[in-house]
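Everything on this sheet refers to the single structure shown next.
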Amino acid sequence: MALPQDIRPVNSELADSITRSSEIPWIETKPGEAWTKVLWVGQESGRWAVLLKWKKGYVAPPHKHLSAAFAFVLSGRLQVRDNVYGPGDFLHEVNGMVHGATTALEDTEYLFFCDGPVLFFDKDGFTGYRGWEQVLRMQQTAMPKAAE
């Protein structure tokens with residue numbers, strides 16, 4: 001059956017982007033406690049996706065989401081504010097969400113998708129910023145090590 005309009009892509013170079021996470025190196029972000037695999041960075045949109053692995057007891061610092069974020073817990077348990085999330089739980093954090101520390105109650109792995117940057121802080125002020133550019137730099141720094 002013919003469609004009422006032409007829906008072929010204008011750009012014939014469009015293709016699916018496939019990430020084989022088993023081929024991506026873990027980046028140690030806090031020695032012995034936290035690691036990240038950069039799965040995708042959308043430079044045109046500012047979005048990014050990572051796989052996070054935290055040892056039991058790891059505490060991510062307080063932060064503010066400067067865009068929406070989504071997480072899917074694969075294994076372990078996370079405490080986020082007054083809630084505990086486990087395998088199969090999906091979290092949506094809205095743009096502007098501010099919350100305290102996030103704690104790994106067990107060894108935990110989860111997927112994290114972010115529509116933009118995250119701003120970290122403590123009682124004295126801002127301590128860090130993670131947006132697509134920082135995530136891309138992490139990926140670029142790790143890739144030469146993977147080739148060795």
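Selection of the stretch 15-37 for residues being among the hydrophobic types (A, V, I, L, M, F, W, C) and either over 16 Å from the mean Cα position of the chain (by Cα) or closer than 16 Å to PHE70 by Cβ (or both) yields ALA15, ILE18.
Within the stretch 99-148, restricting attention to residues that are more than 20 Å from ALA49 (Cα to Cα) and among the small types (Gly, Ala, Ser), the residue that is surrounded by the most Cβ atoms within 10 Å (Cβ to Cβ) is ALA101.
Counting residues that are within 17 Å of the chain's Cα centre (by Cα) and under 21 Å from THR19 (Cβ atoms), which strands (runs of 3 or more DSSP E) fully inside the stretch 99-148 reach at least 2? Break it down stepwise before answering.
Numbers: elements: 102-104, 108-114, 118-122, 125-130.
Output list reads 108-114.
Remark: pairs (first residue in the stretch 8-37, of a type in the set (Lys, Arg); second residue assigned to a loop (DSSP other than H, G, I, E, B); Cβ separation under 7 Å; 6+ apart in sequence or on different chains) = LYS30/TYR58; LYS37/ILE24; LYS37/TRP26.
Could you please find all residues in the stretch 1-33 being part of a loop (DSSP other than H, G, I, E, B) and surrounded by 10 or more Cβ atoms within 10 Å (Cβ to Cβ)? Listed by number, the residues that qualify are THR19, ILE24, PRO25, TRP26, GLU33. Residue check: is GLY57 in a loop (DSSP other than H, G, I, E, B) and at pLDDT 95 or above? Answer is yes for this residue. If you go through the stretch 80-98 and pick out every residue that is surrounded by 15 or more Cβ atoms within 10 Å (Cβ to Cβ) and within 14 Å of the chain's Cα centre (by Cα), you end up with 2. Here ALA49 meets the list (1) in contact (Cβ under 8 Å) with a residue 40 or more places away in the chain; (2) surrounded by fewer than 11 Cβ atoms within 10 Å (Cβ to Cβ); (3) touching a Phe, Trp or Tyr at 6+ places or on another chain (Cβ under 6 Å) almost entirely, failing just condition (2). Given the condition among the aromatic types (Phe, Trp, Tyr) and touching a helix residue (DSSP H, G or I) at 6+ places or on another chain (Cβ under 7 Å), answer yes or no: does some residue in the stretch 60-80 qualify? No, the stretch 60-80 contains no residue that is among the aromatic types (Phe, Trp, Tyr) and touching a helix residue (DSSP H, G or I) at 6+ places or on another chain (Cβ under 7 Å).
The values are calculated or read from the model by the stated rules, or taken from the named source; none is laboratory data. Note that the structure is predicted; figures quoted are calculated from it, not measured. A quick note on method: Cβ atoms are made from the backbone with ideal geometry, for glycine too, and the neighbour counts reach across all protein chains shown.
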